[in-house]
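Chemist: Handing you a structure now.
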Amino acid sequence: MSNVDEYKDIVAFHPGYYIADIIADMEISQAEFATRMGTTAKTLSQLINGQANISNDLAKKLSVMMGTSAEVWLNLQNTYDQKLIEIQQAKDFDAQAELAREIDYKYFVDVIGLSVTRNINEKVSNLCKFFKVADLRIMLQPDFLVNFRASGTCGREKNIINSRAWIQTAINISKNVETKPYDAEKLKGYLPELRGMTIKKPEEFLPRMREIFAECGVAFVLLPHLKNSGVNGAVKWVNEDRVVLAMNNRGLDADKFWFSLFHEIKHVLQQKIKTVFVSSTVEEMIDINNNLEREADKFATNYLIPPAEYKKLAPSKYTSDNEIVEFAKSIGIHPGIVAGRMQHEGIIAQNRCSKLKEKYVIEIKHTA
């Protein structure tokens, strides 16, 4: 080992560096210096080469021998240790810089209120503090928040870190949402009211929706889409009495919003406390719980449009817009949800029913 460590413009001098200079000035051998100091040649050699630190005993001996205070030597050791931390931090920040560049920092400035900065090290520091991690690279570890099927390729790393960044953001924001203890039966009882909200505007249903979820122990968080995350929604249990249900507002067609919402509600009702569910547009990022995902899809599909009623409609490519509207009205649901299902099933073309489908505009701003 060397008694001098350097990285960029940071230099750390081990106390052994100064001892070597003293020995040279005294024009004696290391063995003789060790004898005069009252220590072994091996201990001195390790000290000079930066392989051992100044102990209280060595500081005392050096202070007496050189006519200084013990604090002088202990302070040299402390300064060296602090510089090593500074060097390691600089190396860590440089290693994290590429990951930080994969994250849309402006998103966190606009949505959360993180400090505006162009300095990459400040971005790394601010993101680490917000995500509550010692190093951004931790967010790529398999056991961080949620496991994905994705392998460690560069492109997928971008998806993984942004997906986890979005989920962690939702968790952080959820701390500001007060909820009562989780009550599954109460949530089931509110399902008809939630379904009935499909015919209302966001400014009408969102406040009431938040009230309902909070009453049932669900912290509901609606977030803007984070670039490269591919996440549409997530469910994470904080403890047995509280669960976070998060959704994003990307491409908020009414049919997609309500299907996603009831999909996530089913994950809440599944009550898998140790599982984080993630709905994603990136195939490799989809959570690995396939059976539970299919169960959630089926629940959302059938609760929004009961199978028996849908069978009565007998949807086909010849079903008119008016028939869709009348059917939707008869079951108390937004016509865009019916049209969206028919499009999803390939019954009608994607460019049909544009007048029936509604796109929500929801402005979102949170504080960290």
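Chemist: Mind telling me which of the residues I103, I167, I161 ends up being touching a strand residue (DSSP E or B) at 6+ places or on another chain (Cβ under 8 Å) and either crowded, with 18+ Cβ neighbours inside 10 Å or at pLDDT below 90 (or both)? Reasoning before the result, please.
Modeler: Details: I103 fails: touching a strand residue (DSSP E or B) at 6+ places or on another chain (Cβ under 8 Å); I161 fails: touching a strand residue (DSSP E or B) at 6+ places or on another chain (Cβ under 8 Å).
When all the criteria are applied, what remains is I167.
Chemist: Scan the strands (runs of 3 or more DSSP E) fully inside the range 177-261 and keep the ones with 2 or more residues being among the small types (G, A, S) and without any contact (Cβ under 8 Å) to a residue 60 or more places away in the chain.
Modeler: Values: elements: 218-223, 231-239, 242-248.
In the range 177-261, there are no strands (runs of 3 or more DSSP E) which contain 2 or more residues that are among the small types (G, A, S) and without any contact (Cβ under 8 Å) to a residue 60 or more places away in the chain.
Chemist: In the range 312-327, which residues are among the aromatic types (F, W, Y) and part of a helix (DSSP H, G or I)? Before the answer, list the steps.
Modeler: Keep residues of the range 312-327 that are among the aromatic types (F, W, Y), which gives 318, 327.
Once the filter is applied, which keeps residues that are among the aromatic types (F, W, Y) and part of a helix (DSSP H, G or I), the range 312-327 yields only F327.
Chemist: Looking at the range 101-126, which of its residues are aliphatic (A, V, I, L, M) and either within 21 Å of S280 (Cβ to Cβ) or touching a Ser or Thr at 6+ places or on another chain (Cβ under 6 Å) (or both)?
Modeler: I103, V111
Chemist: Has the range 78-93 got any residue that is buried (at least 17 other Cβ atoms within 10 Å of the Cβ), in contact with a helix residue (DSSP H, G or I) (Cβ under 7 Å, 6 or more places away or on another chain) and under 26 Å from D9 (Cβ atoms)?
Modeler: For the range 78-93, residues buried (at least 17 other Cβ atoms within 10 Å of the Cβ), in contact with a helix residue (DSSP H, G or I) (Cβ under 7 Å, 6 or more places away or on another chain) and under 26 Å from D9 (Cβ atoms): present.
Chemist: Restricting the search to the range 328-347, which residues are in contact with a Pro (Cβ under 6 Å, 6 or more places away or on another chain) and either under 17 Å from E358 (Cα atoms) or in a helix (DSSP H, G or I) (or both)? It would help to see each step written out before you state the result.
Modeler: Initially, the range 328-347 is screened for residues in contact with a Pro (Cβ under 6 Å, 6 or more places away or on another chain), giving 328, 342, 347.
A328, M342, listed by residue number.
Chemist: Filter the range 326-354 down to residues that are of a type outside the set (A, V, I, L, M, F, W, C) and surrounded by 17 or more Cβ atoms within 10 Å (Cβ to Cβ) and give me whichever is farthest from K311 (Cα to Cα). Write out each step before concluding.
Modeler: Our first condition is that a residue be of a type outside the set (A, V, I, L, M, F, W, C); within the range 326-354, this holds for 326, 329-330, 332, 334-336, 340-341, 343-346, 350-352, 354.
So of that shortlist, the ones also surrounded by 17 or more Cβ atoms within 10 Å (Cβ to Cβ) come out as 334-336, 340-341, 343, 352.
On the way: H334: 18, P335: 16, G336: 18, G340: 16, R341: 13, Q343: 16, R352: 21 Å.
Here the residue is R352.
Chemist: Does at least one position in the range 132-142 carry a residue that is buried (at least 17 other Cβ atoms within 10 Å of the Cβ), out of contact with any strand residue (DSSP E or B) (no Cβ under 9 Å at 6 or more places or on another chain) and in a helix (DSSP H, G or I)?
Modeler: Yes, the range 132-142 has at least one match.
Chemist: Out of all the residues in the range 244-267, is one or more β-branched (V, I, T) and at pLDDT 95 or above? Outline the logic, then answer.
Modeler: We begin by selecting, within the range 244-267, every residue β-branched (V, I, T); these are 244, 265.
Filter again for at pLDDT 95 or above, leaving 244, 265.
Yes, there is a match, as at least one residue in the range 244-267 is β-branched (V, I, T) and at pLDDT 95 or above.
Chemist: On to the next question. From the list K317, K359, which one is in contact (Cβ under 8 Å) with a residue 12 or more places away in the chain, of a type in the set (D, E, K, R) and either in contact with a Pro (Cβ under 7 Å, 6 or more places away or on another chain) or farther than 22 Å from K200 by Cβ (or both)? It would help to see each step written out before you state the result.
Modeler: Values: K359 fails: either in contact with a Pro (Cβ under 7 Å, 6 or more places away or on another chain) or farther than 22 Å from K200 by Cβ (or both).
The match here is K317.
Chemist: Same structure again: What's the total number of residues in the range 112-131 that are of a type outside the set (S, T, N, Q) and buried (at least 19 other Cβ atoms within 10 Å of the Cβ)?
Modeler: Applying the first criterion (of a type outside the set (S, T, N, Q)) to the range 112-131 yields 112-114, 116, 118, 120, 122-124, 127-131.
Right, trim to buried (at least 19 other Cβ atoms within 10 Å of the Cβ) and you get 114, 123-124, 127-128, 131.
Result for the range 112-131: 6.
Chemist: Would you mind telling me which numbered condition in (1) at pLDDT below 95; (2) assigned to a helix (DSSP H, G or I); (3) not small (G, A, S) L145 fails?
Modeler: It is condition (2) that L145 fails.
Chemist: K61: basic (K, R) and either part of a loop (DSSP other than H, G, I, E, B) or under 42 Å from the mean Cα position of the chain (by Cα) (or both), yes or no? Talk me through it step by step, then tell me what you get.
Modeler: Working: basic (K, R): yes; either part of a loop (DSSP other than H, G, I, E, B) or under 42 Å from the mean Cα position of the chain (by Cα) (or both): no.
Against the criterion (basic (K, R) and either part of a loop (DSSP other than H, G, I, E, B) or under 42 Å from the mean Cα position of the chain (by Cα) (or both)), K61 does not qualify.
The values are calculated or read from the model by the stated rules, or taken from the named source; none is laboratory data. This one's a predicted model, so the numbers in the text were calculated from it and none came from an experiment. Glycine also receives a Cβ, built like all others from the backbone with ideal geometry; neighbour counts cover every protein chain displayed.
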